[in-house]
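A short write-up of the structure that comes next.
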Amino acid sequence: MTTTSTAPGSTFEELYGHAPEGVWAAPGRVNLIGEHTDYNDGFVLPIAIPQAVRAYARRRSDGVLRLVSTRVPGETVELDVAALTPGGVAGWAAYPAAVVWTLRKAGHEVGGADVLLDSDVPGGAGLSSSAALECAVAAAYNDLYELGLDAVESALLAQRAENEFVGVPCGIMDQMASMVCRAGAALHLDARDLSARHVPLDLAGAGLTLLVLDTRVQHDLADGAYAALRAGCERAAALLGLPALRDLAAADLPAASTRLPAELVPLVRHVVTENERVERAVEELERHGPAALGPILTAGHASLRDDYRTSCPETDLAADTAVAAGALGARMTGGGFGGSVIALVSTEKAQAVAAAVVEAFAAAGYAEPHVYRAVPSEGARREA
Ligand code: GLA
């Protein structure tokens, strides 16, 4: 890996001396409900957001991968694709390198490329900026090297890149959301068999706004907490003699709890009740429209706070303040330990709810949260 400096703000042509062959975009996501269920073979309900990573790319014939990110101005990372090894690439470049390594490991004859990455997905905000980065590069390579991968194969490949090369034991939700989501719909995904259904979600038509309140508390999924939670779930499933916690019915929860060490009981309760919340959310959404999601979101937050313990004072304050200010429901979204809270609000109250959260953060001495509006958006695509 060599890193050289380049003039910040350079265009692809200025950096590499030729035009890109194309531009591929892959979005971040917010998850409506179904947190920490994916690696338990359960259900999730994410939407893609308008913010995306764009990969401008052109093949190279010499086996060199050159990477520039507008997020890290002035730096070019140069890698020999045949020499890529897990752990061998540091920082942001590990994610695109991981995708190329995984493609080669899967037997695809891919070589190098010149790549310029441009992202407006906030990093460390629980909005899947890493999955978006992986998926944009996977989409670019898929087309440039004519691999013929479909969206699900690409998502699995991007997940494998993160698991095996970057070393984060994430589930499949973020990559599936980034690759598969459609505008105007939420993705009801079964993380066991990857069957997916697009559930229409017309927030504007229902007079609703989905606020994203980024607490700006940075989480780091690689720090071991996520891996420990995942291991706890797997241990509980093994002790219960089940393939995964998805296979535990809610009615069997009391009996199962007597067979588990005390520290695993709340983890299992969260996963089982959260899977139920996803199924209920889809039913309510289809029967009564998006407003009916509100109480389910708030119940999901309580479960993450009290049972799974992935919330933190900032996410609790954002969720509680939003509900107190009139939101129909609010919850932490994503891996946790900071990141973003989503709040479902009637559009006429959106401004006031956001202002109430900003004010509560100021009063508590926290950094000012960043506020976005999430619109269910299209998954990965070629843009040029
Ligand atoms: C992260 C992971 C996902 C999922 C969520 C929690 O975003 O990448 O696979 O486990 O946390 O729901």
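The values are calculated or read from the model by the stated rules, or taken from the named source; none is laboratory data. Quick caveat: nothing in here was measured; it's all calculated off a predicted structure. Note that we place each Cβ from the backbone using ideal geometry, even for glycine, and neighbour counts take in every protein chain shown.
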For this session: Return the pairs, sorted by first residue and then second, in which the second residue is modelled with pLDDT of 95 or more and part of a loop (DSSP other than H, G, I, E, B), the first residue lies in region 244-264 and is surrounded by fewer than 16 Cβ atoms within 10 Å (Cβ to Cβ), the beta carbons are less than 7 Å apart, and the residues are 6+ apart or on different chains.
Result: 259/240
Exercise. Going by the structure shown, is residue 345 assigned to a strand (DSSP E or B), on the phi < 0 side of the Ramachandran plot and within 16 Å of the ligand (Cβ to nearest atom)?
Worked result: no
For this session: Taking the residues in region 133-168 that are in contact with an Asp or Glu (Cβ under 8 Å, 6 or more places away or on another chain) and of a type in the set (A, V, I, L, M, F, W, C) as candidates, determine which candidate is nearest to residue 7 (Cα to Cα).
Result: 144
Exercise. When residues of region 189-214 are filtered for being within 16 Å of the chain's Cα centre (by Cα) and away from the ligand (no atom under 15 Å from the Cβ), how many remain?
Worked result: 1
Exercise. Where in region 147-256 are there strands (runs of 3 or more DSSP E), lying fully within it, with 3 or more residues that are in contact with a Lys or Arg (Cβ under 9 Å, 6 or more places away or on another chain)?
Worked result: 185-190, 208-214
Exercise. Based on what the data block shows, is residue 66 away from the ligand (no atom under 16 Å from the Cβ) and touching a Gly at 6+ places or on another chain (Cβ under 6 Å)?
Worked result: no
For this session: Check whether at least one residue in region 310-328 is touching a Pro at 6+ places or on another chain (Cβ under 9 Å), in a helix (DSSP H, G or I), small (Gly, Ala, Ser) and touching a residue at least 24 places away in the same chain (Cβ under 8 Å), and report yes or no.
Result: yes
For this session: Can you work out which of the residues in region 271-284 that are surrounded by 23 or more Cβ atoms within 10 Å (Cβ to Cβ) and in contact with a strand residue (DSSP E or B) (Cβ under 7 Å, 6 or more places away or on another chain) is nearest to residue 249 (Cα to Cα)?
Result: 275
Problem set entry | Members of region 160-182 found to be over 18 Å from residue 334 (Cα atoms), away from the ligand (no atom under 13 Å from the Cβ) and among the hydrophobic types (A, V, I, L, M, F, W, C), listed by number | 165
